[in-house]
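Trainee: Below you'll find the structure I mean.
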Amino acid sequence: MHPYKRSQRLSILLREEVADIIMRKVKDPRLGFVTVTDVGMSEDLKTAWIYVSVYEGDKDLTMEILNSARGLIRSEVSKRIKVKFIPAIEFRIDKSVEHGDRIDRLLKEIKETKE
């Protein structure tokens, strides 16, 4: 028996494959530096929420490009992963990086005020 659920194993595999597909197959010069940070799966494995961080470029434009490439990404995933159903893909901005940066700034401010 596997130590964790099927949805967790599939989300790890999807994260790796989608990151590779974005890097190698999505050929839009407007696409900034994008990192796939996490993949959430519904319990029935029909929907995958792909969380991305955008480091360069406009976030709205990047999300528009990724959402328009969902069909390409899903078809490439279907070629690489052998599962009964390929989940529908939804891209979301990962806010954890921004949240971590905000915490770092606040901690630096506190340190500077104490000195």
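The values are calculated or read from the model by the stated rules, or taken from the named source; none is laboratory data. For clarity, every value in this text was computed on a predicted model and none was experimentally measured. Here Cβ is always computed from backbone atoms with ideal geometry, including for glycine, and neighbour counts include all displayed protein chains.
Trainee: Sort out which residues of the stretch 38-66 are in a loop (DSSP other than H, G, I, E, B), out of contact with any Lys or Arg (no Cβ under 9 Å at 6 or more places or on another chain) and surrounded by 14 or more Cβ atoms within 10 Å (Cβ to Cβ), and write them in order of number.
Mentor: Answer for the stretch 38-66, where residues must be in a loop (DSSP other than H, G, I, E, B), out of contact with any Lys or Arg (no Cβ under 9 Å at 6 or more places or on another chain) and surrounded by 14 or more Cβ atoms within 10 Å (Cβ to Cβ): there is none.
Trainee: Which one of Gly32, Gly71, Gly40 is at pLDDT below 95, small (Gly, Ala, Ser) and touching an Asp or Glu at 6+ places or on another chain (Cβ under 6 Å)?
Mentor: Only one candidate passes the filter, namely Gly32.
Trainee: In this structure, is Val36 touching a helix residue (DSSP H, G or I) at 6+ places or on another chain (Cβ under 9 Å) and in contact (Cβ under 8 Å) with a residue 40 or more places away in the chain?
Mentor: Answer is no for this residue.
Trainee: Report, by residue number, each residue of the stretch 93-115 that is charged (D, E, K, R) and either under 14 Å from Leu13 (Cβ atoms) or surrounded by 14 or more Cβ atoms within 10 Å (Cβ to Cβ) (or both).
Mentor: Selection gives Asp94 alone.
Trainee: Moving on to the next point. Would you confirm whether any residue within the stretch 75-87 is in contact with a strand residue (DSSP E or B) (Cβ under 6 Å, 6 or more places away or on another chain) and among the hydroxyl-bearing types (Ser, Thr, Tyr)?
Mentor: No, the stretch 75-87 contains no residue that is in contact with a strand residue (DSSP E or B) (Cβ under 6 Å, 6 or more places away or on another chain) and among the hydroxyl-bearing types (Ser, Thr, Tyr).
Trainee: Just need a number here: residues in the stretch 8-23 that are farther than 15 Å from Leu45 by Cβ, surrounded by fewer than 16 Cβ atoms within 10 Å (Cβ to Cβ) and out of contact with any helix residue (DSSP H, G or I) (no Cβ under 9 Å at 6 or more places or on another chain).
Mentor: Total meeting the criteria: 2.
Trainee: Can you work out which of the residues in the stretch 75-115 that are of a type in the set (Lys, Arg) and part of a helix (DSSP H, G or I) is modelled with the lowest pLDDT?
Mentor: By that ranking, first place goes to Lys114.
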